[in-house]
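Participant: Provided herewith is a single structure, encoded as structure tokens, for subsequent inquiry.
Please treat every number below as a calculation from the coordinates, not as lab data. The structure presented is a predicted model; accordingly, all values stated were derived computationally and were not measured. So basically every Cβ, Gly included, is an ideal-geometry build from the backbone, and we count neighbours across all protein chains shown.
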Amino acid sequence: MARISDLLAAGTTYSFEFFPPKNEAGWLSLGRTIAELEHLSPHYVSVTYGAGGSTRTKTADLVSWVRRQTPIPPMAHLTCQGHRRADIRDILTDYRAEGVQNILALGGDPPTDGSHAASDYRFSGELVDDVRAFGGFAIGVAAHPEGHPRSPDLRTDRHHLAAKLRDADFAITQFFFEVDHYLAMMDELAAHDVHKPVVPGIMPVTNLAQVSRMAHMSGAEVPRWLIERVGKAGDDPDEATRIGVEIAAELCVRLLEAGAPGLHFYTLNRSGPTRQLWSSLGLDRVAG
Ligand SMILES: Cc1cc2nc3c(=O)[nH]c(=O)nc-3n(C[C@H](O)[C@H](O)[C@H](O)COP(=O)(O)OP(=O)(O)OC[C@H]3O[C@@H](n4cnc5c(N)ncnc54)[C@H](O)[C@@H]3O)c2cc1C
């Protein structure tokens with residue numbers, strides 16, 4: 001079974017996210033990470049796509065490598081900003097030829113250098129429509145439990161989320177740290193009569209400065225209690241990782257108890273925290 005919609009229909013999924021490295025050393029390190037995580041038998045792995053297509057070929061290379069060299073179904077992230085419809089058709093044609101069956105259809109962000117590439121798309125929902133019309137892919141979209149930073153308000157964001165999710169098969173969330181953000185979003189989607197699976201994205205905090213930077217860009221909040229708890233590690237990186245994994249495990253347990261359909265781990269291309277989290281959740285016994 002390779003389509004994520006089928007995997008979600010069959011039961012709880014556990015999945016990992018990787019990004020295509022920028023240099024040779026990064027590829028070597030990612031190779032080791034994948035080797036270390038592969039034996040955990042995740043249900044699928046996803047590969048990010050650079051803003052405006054900047055990692056287009058690297059994303060495709062990594063997705064194809066996973067498809068050919070491992071038994072794990074891959075999902076290719078694809079952003080619509082900066083793309084023409086013909087680009088998207090070419091990319092989908094290549095993925096179809098490669099046997100890839102899952103696409104995460106994303107809006108993407110405008111380039112930070114202020115440049116502006118011509119685009120046939122404005123929002124991810126338009127990409128969902130094109131991928132659906134192309135055919136053959138299970139389609140995921142991004143969900144932002146605390147709202148997307150470019151939205152005027154949460155209500156508007158939920159309205160657009162509900163609309164795109166109605167046409168997609170499932171969503172994966174931005175990382176978040178309070179279970180209530182996820183539960184409120186699920187209630188609001190239900191009020192829009194949208195009941196598709198929404199998989200929480202989980203980020204074990206191992207480096208407060210890095211996560212605070214990422215949270216600022218994505219509109220997520222790093223709660224004070226979390227900063228204080230991880231801060232107790234002082235300058236000890238191993239202790240910070242241990243505490244970060246402990247916090248992530250607590251969140252995962254509460255999410256699964258509340259009915260989350262799966263967990264998607266942001267690995268940041270490192271295996272250690274994900275393996276520790278996997279083990280804390282007792283998943284070695286379930287899926288390993
Ligand atoms: C799981 C996950 C994976 C990601 N992977 C990547 C990646 O690989 N590469 C990358 O560059 N980025 C990635 N991102 C980041 C993402 O591209 C950004 O958050 C981006 O700013 C928004 O993406 P989106 O798909 O939510 O966009 P959209 O759904 O297009 O939404 C963007 C904004 O427009 C609003 N909106 C949506 N539809 C409409 C409409 N019809 N009319 C008016 N307003 C509308 C939304 O409310 C939101 O404020 C990922 C995010 C998540 C959660």
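Participant: Which whole-number percent is the relative contact order of region 178-288 (Cα, under 8 Å, 6+ apart)? Walk me through the numbers on the way to the answer.
Facilitator: Numbers: 97 pairs, mean separation 38.8, N = 111.
That works out to 35 percent.
Participant: Mind putting together the pair-distance distribution for region 1-129? All Cα pairs, 5 Å bins, whole percent per bin, short to long.
Facilitator: Distribution as computed: 2, 10, 20, 22, 19, 15, 9, 3, 1 percent.
Participant: State, as an integer percentage, the relative contact order of the chain based on alpha-carbon contacts under 8 Å between residues 6 or more apart. Show your work: numbers first, answer last.
Facilitator: Working: 494 pairs, mean separation 56.9, N = 288.
Taking the mean separation of contacting Cα pairs over the length of the chain, I get 20 percent.
Participant: A follow-up question, please. Taking neighbour Cβ counts within 10 Å as the exposure measure, how do T12, T274 sort from fewest upward?
Facilitator: Details: T12 17, T274 25.
With the sparsest Cβ surroundings first, the list reads T12, T274.
Participant: Once both labels are modelled 7 Å past Cα along the beta-carbon direction, what's the N23-A35 spacing in nm?
Facilitator: The two pseudo-label positions are separated by 2.2 nm.
Participant: How much FRET efficiency would the formula 1/(1 + (r/R0)^6) give for A258 and R166, where r is the Cβ-Cβ distance and R0 is 25 Å, rounded to 0.05? Mind dumping the intermediate values first?
Facilitator: Working: r = 22 Å, r/R0 = 0.90.
So, using R0 = 25 Å, E works out to roughly 0.65.
Participant: On to the next question. Given points 7 Å out from each Cα along the Cα-Cβ axis, report the H192 to N207 separation in nanometres with one decimal.
Facilitator: 3.4 nm
Participant: Right, another one. Multiply the residue separation of D238 and R155 by 0.36 nm, subtract the distance between their alpha-carbon atoms, and state the gained length in nm to one decimal. Kindly include the intermediate steps, with their values, before the conclusion.
Facilitator: Details: separation 83, 0.36 × 83 = 29.88 nm, distance 4.02 nm.
Between D238 and R155, full extension yields 25.9 nm more.
Participant: So, one more: If you place +1 on the Cβ of every Lys and Arg, -1 on the Cβ of every Asp and Glu, and leave all else neutral, what size is the dipole of region 56-173 about its Cα centre, to the nearest 20 Debye? Can you show the working numbers first?
Facilitator: Numbers: 15 positive and 16 negative charges, 37 e Å.
So the dipole magnitude of region 56-173 works out to roughly 180 debye.
Participant: Continuing with this model, one more query. Nearest 20 debye, what's the magnitude of the dipole of the chain about its Cα centre given +1 on Lys and Arg Cβ and -1 on Asp and Glu Cβ?
Facilitator: Working: 28 positive and 36 negative charges, 107 e Å.
In total the dipole reaches around 520 debye.
Participant: Compute and list, largest first, the equivalent-ellipsoid semi-axes of the chain from the alpha carbon gyration tensor, each √(5λ) rounded to a whole angstrom. Can you show the working numbers first?
Facilitator: Working: eigenvalues 148, 102, 78 Å².
That gives 27, 23, 20 Å for the three semi-axes.
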